[in-house]
């Protein structure tokens, strides 16, 4: 596994936690941060697969 793929796993887990917190507490800040982390994990995973 590449370093980018390894970094993508905890980012994805943190994004899922923040998105569920945003859904349960109706907090838009958690949704935004979770979405940013989700996008970052997808980018890291794609870079990791191409290398």
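Each value in this text was obtained by applying a stated rule to the coordinates, not by laboratory testing. Quantities reported herein were computed from a predicted structural model and do not represent experimental measurements.
Quick notes
- With helices as the sole contributors, the chain gives -31500 deg cm²/dmol at 222 nm; each DSSP H run of n ≥ 4 counts as -39500 (n - 2.57), and the sum is divided by every residue.
- Anisotropy class of segment 3-50 from Cα gyration tensor, a/c 1.5 cut: prolate
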